[in-house]
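The values are calculated or read from the model by the stated rules, or taken from the named source; none is laboratory data. Fair warning: this is a prediction, and the values are worked out from it, not measured in the lab. Positions of Cβ are generated from backbone atoms using ideal geometry, with glycine treated the same way; all protein chains shown enter the neighbour counts.
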Amino acid sequence: MAGVLGQTVAAPERYAPEILEPIHRQKSIATVFFGWDIWHAYELSWCIGDEACHWVGWLAIPAESPATVESKSLKLYLNSLNFHSFGDHQEALNTICDDISACVGAPVSLECLPLDGLSGITEELDGVNLPACTAHREIETINADSLTHSPGKGNVVSEHLVSHSLRSLCPVTAQPDWGSLSIRYAGKAVDRESVSTYLSGYRSHQGFHEQCVDQIFADLLTLKPDSLQVAGFYQRRGGIDITPWRSTEPLAASPQRLGRQ
């Protein structure tokens, strides 16, 4: 099956790795970055022998992989495992990781938690809330030139900025995607109002989650921070949410999710 996004596709009733679809990454505008795409899956289920087991899990795809995986195809693939019997839990994990790694062109990892284990990876953002995004419709395009430093010389800081107003549109269905944005940086202070104005441009922007975070990261780099980390905690759709992380410094894959996800 191909092109499942935006199409009516019945959930497969047999193991179907062929349903996975890659989305090839655009060449990053950023010259240097490290990062991960973390996918939280809330509907994991397969059989060990004759017994069905149920999990929540987090999948880590390296940001430097040639492709990511299309989310609807991933949902359908994971549901194709619901009636599939594995010899043991490790065989299931190995199979899933091998299939998704083949799709994205790089090794991925998957960790599973019991259904009551979400509290252990749920952590809210504790930074400085950005001013509310501008709501009027005339801001319809992304304008990196709107990003500025705070007035004054020598104003060097290390801070964590947070916005819960991140909104973009699916490039295929044009349906809205909402999320929370985390910006950690060190360097000359940025003007917070300018960041909010810049983020307003995404309200009508069509882009996959990973592409939006890539763009935000790259545009913030134009302010020449000493260090920068950006993460977009998008809300779930179809039993899966995506949290892309991008950083100027190497960072370990983090399972962190927010309560709203």
Can you tell me which of 207, 239, 179 is within 16 Å of residue 123 (Cα to Cα) and not polar (S, T, N, Q)? 179
Scanning the stretch 194-226 residue by residue, those among the polar types (S, T, N, Q) and in a helix (DSSP H, G or I) turn out to be 194, 196, 197, 200, 211, 215
Could you say whether any residue in the stretch 32-46 is touching a residue at least 60 places away in the same chain (Cβ under 8 Å), loosely packed, with under 15 Cβ neighbours inside 10 Å, more than 14 Å from residue 115 (Cα to Cα) and more than 17 Å from the chain's Cα centre (by Cα)? yes
Among the residues of the stretch 36-49, write down those that are part of a strand (DSSP E or B) and at pLDDT below 95. 43
Sort out which residues of the stretch 63-101 are among the small types (Gly, Ala, Ser) and either touching a residue at least 40 places away in the same chain (Cβ under 8 Å) or over 15 Å from residue 52 (Cα atoms) (or both), and write them in order of number. 63, 65, 67, 71, 73, 80, 92, 101
Test set (1) part of a strand (DSSP E or B); (2) surrounded by fewer than 24 Cβ atoms within 10 Å (Cβ to Cβ); (3) of a type outside the set (Ser, Thr, Tyr); (4) in contact with a Gly (Cβ under 6 Å, 6 or more places away or on another chain) - residue 229 fails condition number: (4)
Determine which member of the set 186, 132 is in contact (Cβ under 8 Å) with a residue 60 or more places away in the chain and small (Gly, Ala, Ser). 132
Test residue 162 against the criterion of being among the aliphatic types (A, V, I, L, M), surrounded by fewer than 21 Cβ atoms within 10 Å (Cβ to Cβ) and at pLDDT below 95, and give yes or no. no
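I need the full set of residues from the stretch 224-256 which are closer than 16 Å to residue 170 by Cα and within 8 Å of the chain's Cα centre (by Cα), in order please.
232, 233, 234, 241, 242, 243, 244, listed by residue number.
Residues checked against (1) hydroxyl-bearing (Ser, Thr, Tyr); (2) within 18 Å of the chain's Cα centre (by Cα); (3) at pLDDT below 90; (4) not assigned by TED's automatic domain parsing to the domain that holds residue 106:
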| position | (1), (2), (3), (4) |
| --- | --- |
| 10 | no, no, yes, yes |
| 23 | no, yes, no, no |
| 27 | no, yes, yes, no |
| 30 | no, yes, yes, no |
| 51 | no, no, no, no |
| 60 | no, yes, no, no |
| 73 | yes, yes, no, no |
Tabulated pairs, the stretch 146-169, first touching a residue at least 12 places away in the same chain (Cβ under 8 Å) and under 11 Å from residue 182 (Cβ atoms), second of a type in the set (D, E, K, R) and assigned to a helix (DSSP H, G or I), C-beta under 7 angstrom, 6+ apart or interchain: 161/192
